[in-house]
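Contents: one structure, followed by commentary.
The values are calculated or read from the model by the stated rules, or taken from the named source; none is laboratory data. Quick caveat, the model's predicted, so the values are computed rather than measured. Cβ coordinates were reconstructed from backbone atoms using ideal geometry, including for glycine residues, and neighbour counts include every protein chain displayed.
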Amino acid sequence: MSYISPKPLKEYPWTLRILFLYQKKKYGEPLVPSLQWGRMPKLLKLFFSFIRFFERRKSPLDPALRALVMLRVSEINKCSFCIDLNSFALDKKKTGEISEKEASAMAFAEAVTDTSKQVEEEHITQLKLHFSDDEIAELAALIAFQNMSSKFNSALGIEPHGFCKKKNL
């Protein structure tokens, strides 16, 4: 259970209550991270702006690659909610073995995320075999965003929603 309970829905601004109704319809209940970010309504809107940016159709990063990298960052940060969500997303987008391109992105994600490691020139050299400089910058931004999100959820003890269990029903 989360370390702090979400506020009663009536205490959130009406604009967020609409979002929570949508989530209830889609997921069976509002998502706890949304409720916790919703304590800061402007920040929640920015948070969703970041998500929309990374999920845009014209992103230079493949959806399966994004899901794979986000899952790895979630695992390193031990974010149960993010592992659940990103495993579900990856399952819908990825089939087959990890490519060299994906492996280089994951190694970069690990170096950025794991505080016992650091990004080295070799990471960038490997990335440049598969990605443009703009793509590397977006990959770094995605990794930083997922670190923020998973650290927020972990800090508040937010539990998995059950995305992976629900796919098997």
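Brief remarks on what is shown
- None of T95, T115 is farther than 26 Å from S154 by Cα and surrounded by fewer than 18 Cβ atoms within 10 Å (Cβ to Cβ) except T95.
- Scoring E100 on the criteria (1) surrounded by fewer than 17 Cβ atoms within 10 Å (Cβ to Cβ); (2) under 28 Å from I158 (Cβ atoms); (3) acidic (D, E) leaves a single failure, condition (2).
- If you go through region 98-137 and keep only what is among the basic types (K, R) and under 20 Å from F54 (Cβ atoms), you end up with just K101.
- F152 being assigned by TED's automatic domain parsing to the domain that holds L85, surrounded by 18 or more Cβ atoms within 10 Å (Cβ to Cβ) and aromatic (F, W, Y): yes
- Applying the set (1) touching a helix residue (DSSP H, G or I) at 6+ places or on another chain (Cβ under 8 Å); (2) surrounded by fewer than 14 Cβ atoms within 10 Å (Cβ to Cβ) to A137 leaves exactly one unmet item: (1).
- The listed residue being surrounded by fewer than 18 Cβ atoms within 10 Å (Cβ to Cβ), within 18 Å of L31 (Cα to Cα) and of a type outside the set (K, R), out of C79, C164: C164
- For region 1-41, filtering for residues that are of a type outside the set (D, E) and part of a loop (DSSP other than H, G, I, E, B) leaves 16.
- Selection status of K128, within 19 Å of L35 (Cβ to Cβ) and either in contact (Cβ under 8 Å) with a residue 60 or more places away in the chain or surrounded by 12 or more Cβ atoms within 10 Å (Cβ to Cβ) (or both): no
- Long-range neighbours under 6 Å by Cβ, at least six apart or interchain, first residue at negative phi within region 23-44, second of a type in the set (G, A, S) and in a helix (DSSP H, G or I): none
- Pairing residues of region 74-85 that are in the same structural domain as F163 (by TED's automatic domain parsing) with residues that are among the aromatic types (F, W, Y), at Cβ distances under 8 Å and at least 6 apart in sequence or on separate chains, gives D84/F163; L85/F163.
- Within region 33-46, at least one residue is modelled with pLDDT of 95 or more, surrounded by 13 or more Cβ atoms within 10 Å (Cβ to Cβ), of a type in the set (D, E, K, R) and farther than 24 Å from K101 by Cβ.
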